[in-house]
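One structure is given below, encoded as structure tokens.
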Amino acid sequence: MMDPCKSARKTLNSFVQMLPILIGVLLLLSLMNAAIPVVYYTGLFTGNTLIDPILGAAFGSIASGNPITSYIIGGELVAVHISITAITAFILAWVTVGLISLPMEMDILGRRFAVTRNLLSFVFSIIIALLVEFTLLSMGVVI
């Protein structure tokens, strides 16, 4: 059995080694979020049920962030009449896909795992967005 102090030291050393990469990723994410205002997204979405979730997932992947911020941005997108499908795909990709953090993730978890996880998250964000719209429409909710 491993000594708890030895495990704690190994964990702390791993964290200290990852810290510069983590800080760089956080700074890059902040820069991307400041560079792309919410109003910019209104001109990108067409209202097309098939194209909007793909666009939403693509932009959410690029401008990735944390869940709390995504709720605020989702509310802003609803206020400017972006489709619920696009918003759902955007928020899901925003939280689960990280193109900016992909190099760090590949370094820590391995290239194959990181790329596979991000691709699956991207595809599933589109599928889930379409299922959300289908569910709302089948319940009679006007979107």
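Structural remarks
- Given charges at Cβ of Lys, Arg, Asp, Glu: segment 4-138 dipole, positive-most of T135, T49, I91: I91
- Cα-based shape type of segment 71-137, given that a ≥ b ≥ c are square roots of the gyration tensor eigenvalues and the cut on a/c is 1.5: oblate
- Relative contact order (%) - criterion: Cα under 8 Å, at least six apart; region: segment 54-119: 42 percent
- Neighbourhood charge, 13 Å Cβ-Cβ cut-off, centred on V16 and excluding it, Lys, Arg +1 and Asp, Glu -1: +2
- Volume of the Cα convex hull of segment 4-138, divided per residue and given in Å³: 123 Å³
- Taking segment 20-143 and dividing mean pair separation by its residue count, relative contact order in percent (alpha carbons under 8 Å, at least six apart): 28 percent
- Exposure proxy ranking, count of Cβ atoms within 10 Å, fewest first, for V78, V142: V142, V78
- Difference of contour (0.36 nm per residue) and Cα-Cα distance, I51 to N13: 9.2 nm
- Residue-span extension gain [D3 to I127] - 0.36 nm each, minus C-alpha spacing: 40.1 nm
- For I82, I128, order by how many other beta-carbon atoms lie within 10 Å, fewest first: I128, I82
- As a proxy for reagent exposure, ranking I23, I73 by other Cβ atoms within 10 Å from fewest up yields I23, I73.
- With a Förster radius of 25 Å applied to the beta-carbon distance between F113 and L28, the computed FRET efficiency rounds to 0.70.
No lab work stands behind these numbers, since they all come straight from the coordinates. All values derive from a computational prediction rather than experimental measurement. Neighbour counts run over all protein chains shown; Cβ positions are idealised from the backbone, glycine included.
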